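Okay, structure first, notes after.
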Amino acid sequence: PVLNHFVSVHEFRIVHVDNAIGVGVAVSVNGNTAKAELSGTVEATEGDVTVDTDLQQNVNGDNQGMYGALAVAGSSGKGGKVGLAGALAIMVAKGESSIRVLDEAQLKALAGDISLQAHDKSKLSAAAMAATNAEGATAGVGASFALITADSTAKAPNSSAPAVPASLRARRQS
């Protein structure tokens with residue numbers, strides 16, 4: 001499995017000024033790949049022939065449950081006219097998990113099965129948070145926006161369209 005993790009965090013704040021403005025922006029672009037290309041002859045005299053490509057970002061280890069993009073903005077003012085805070089988080093996934101069997105390749109499992117599987121098990125998440133504390137101010141506004149764009153693929157031979165999971169399983173004939 002491909003275990004490349006990704007995270008983008010940004011925080012910005014201004015505290016205790018007359019008019020306060022805070023802005024946070026986080027952008028994370030994930031282009032990880034797990035690819036297998038088969039050529040020549042692959043032969044198992046006992047057991048199965050198994051090829052498995054997995055993408056598994058942010059699902060285990062220290063990054064399990066982490067945001068792909070996290071933006072936090074805050075402002076705190078006293079006596080001014082305005083307190084503003086804005087946060088924007090963008091997470092873009094363009095991962096590819098794929099298996100390609102070249103034309104001249106021969107896969108043989110003499111006593112077992114052939115299994116080709118591609119998966120994308122990645123966790124995609126983004127969050128944006130904004131807050132303002134404008135004591136005595138005329139106006140206080142906090143606004144936030146988070147966006148996730150996923151254009152990842154999982155492809156295995158003989159699948160009609162990219163899908164998650166994509167697979168081909170062939171059983172030995174008696």
5 angstrom amide H check on A137, placed H, neighbours 5+ away: G79
Interchain or long-range residues, amide H under 5 Å from D52's placed H: Q117
Among the lysines, which fall within straight-line cross-link reach of K155, defined as a Cα-Cα distance under 25 Å, with same-chain neighbours fewer than 8 residues apart omitted? K35, K94, K108, K121, K123
Simple SL model, points at 7 angstrom along Cα→Cβ for K123 and A150; separation in nm is 1.4 nm
The set of residues whose placed amide H lies less than 5 Å from the amide H of A44, leaving out same-chain residues fewer than 5 positions away, is K108, A109, L110
Can you work out the Karplus-derived ³J(HN,Hα) for every residue in the stretch 118-131? Use 6.51 cos²θ - 1.76 cosθ + 1.60 with θ = phi - 60°, whole Hz, and x for glycine or proline. 10, 9, 10, 10, 5, 9, 10, 8, 8, 8, 9, 9, 9, 8
Loop-located GluC sites (Glu not before Pro) in the stretch 24-95 whose Cβ has at most 13 other Cβ within 10 Å (DSSP): E46
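All of the numbers you see were taken from the coordinates with simple rules; none came from a lab. All figures in this text were calculated on a predicted structure; none of them were measured in a lab. With ideal geometry, Cβ positions are generated from the backbone for all residues, glycine too; neighbour counts draw on all protein chains shown.
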